[in-house]
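Take a look at the structure set out below.
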Amino acid sequence: MRSDLWQNGFKKTKQREAVFAVLSNADKPLTAMEICTGAEMCGKGLWLSTVYRVLDLFVQKGIAQRNVLAGGDVATYEINKNEHRHYVVCTACRKVFALEKCPLPKTVHLENFCITGHRLEIYGYCEGCYAKK
C-alpha cells in the first residue's frame, strides 16, 4: 500500500511518512498522542496539531480509519486494510485488544433489511486488572 500511496498523486511529506510509518507498525489502534510519541521515538518530532491534520487527511482519503469506542472520548486511528476488526476493551485500564476473528456469523438475515456492516465492542477486565479485583 505504501508505494501506491505516494505514486497516486498523494503528496509525500516527512510528516505524512512519519505518521504512516507509526500506523503501519502498530498492532492496535492508536490515539493521536500515541502516534506523536511513536514518531518522536523514531526521531521524527511532530507537533500534535500536525499529527491531527495528517490523520484527518488520511481518513478523508481512505488511508486510515477513525474509531471512537463506546464510553470513550478519544479517537483512535489505524490503517484502513478494507477489513473490519473487533476489539475487547478493559474497563479498568482502557487497554484495547484486537479479536482474532469476527465472532458474528457470516450470514445474519433480517427481514426487510440489507446489512452493509457492523461494529462490535466487548468490555470487561484484562487479566491484570481482573486479578486486582
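The values are calculated or read from the model by the stated rules, or taken from the named source; none is laboratory data. These numbers were taken from a predicted model, which means no experiment stands behind them. Positions of Cβ are generated from backbone atoms using ideal geometry, with glycine treated the same way; all protein chains shown enter the neighbour counts. Just so you know, the surface numbers come from the protein's heavy atoms only, side chains and all, with ligands and any DNA or RNA stripped out. Shrake-Rupley method; radii C 1.70, N 1.55, O 1.52, S 1.80 Å.
Here are the numbers for this structure:
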{"read-out": "Selected residue (only one of VAL74, VAL96 is buried (at least 17 other Cβ atoms within 10 Å of the Cβ) and not hydroxyl-bearing (Ser, Thr, Tyr))", "value": "VAL96"}
{"read-out": "Out of LEU69, LEU104, sole residue that is in a loop (DSSP other than H, G, I, E, B), in the same structural domain as ASP27 (by TED's automatic domain parsing) and modelled with pLDDT under 80", "value": "LEU69"}
{"read-out": "Answer residue from segment 116-133, given it is open to solvent by 50 Å² or more (accessible area, probe 1.4 Å) and charged (D, E, K, R) and is nearest to the chain's Cα centre (by Cα) among those", "value": "ARG119"}
{"read-out": "When residues of segment 13-49 are limited to those that are modelled with pLDDT under 90 and either closer than 19 Å to ASN67 by Cβ or in contact with a Phe, Trp or Tyr (Cβ under 7 Å, 6 or more places away or on another chain) (or both), the one surrounded by the most Cβ atoms within 10 Å (Cβ to Cβ)", "value": "PRO29"}
